[in-house]
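Nothing in this text is a laboratory measurement; each read-out follows from the coordinates by a stated rule. Values in this document were obtained by computation on a predicted structure and should not be read as measured data. Here Cβ is always computed from backbone atoms with ideal geometry, including for glycine, and neighbour counts include all displayed protein chains.
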Amino acid sequence: MKVNRSVPPATVVPVLTYPDVRAAVAWTPEVARLSRAHNDANVLVLPARLISEQEGREILRTWLDTAFEGGRHGRRVEKIEP
């Protein structure tokens, strides 16, 4: 089965209906970093079948330690309507 990573899995879709919730599926520390730095994600979703517990901890630590960069990314995030 081919996985399309550009579309969030069904478990994330209900979250998208709540105002001010920006969920991100992260399967690597780099994806986690970008989700915070560029998209100001405030909910992290870890794909348990695709990563180990150790990888999950590393992804979480990276996500928590990353700040939102703002700037051009902030203007884009502000355009998101609930």
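Structure notes:
- Contact order normalised by residue count of region 13-78, Cα under 8 Å, 6+ apart, percent: 35
- Taking trypsin sites (Lys or Arg not before Pro) across region 30-65, the ones in a DSSP loop with at most 10 further Cβ atoms lying within 10 angstrom of their Cβ are Arg49.
- GluC sites (Glu not before Pro) restricted to DSSP loop in region 49-82 with at most 10 other C-beta within 10 Å: none
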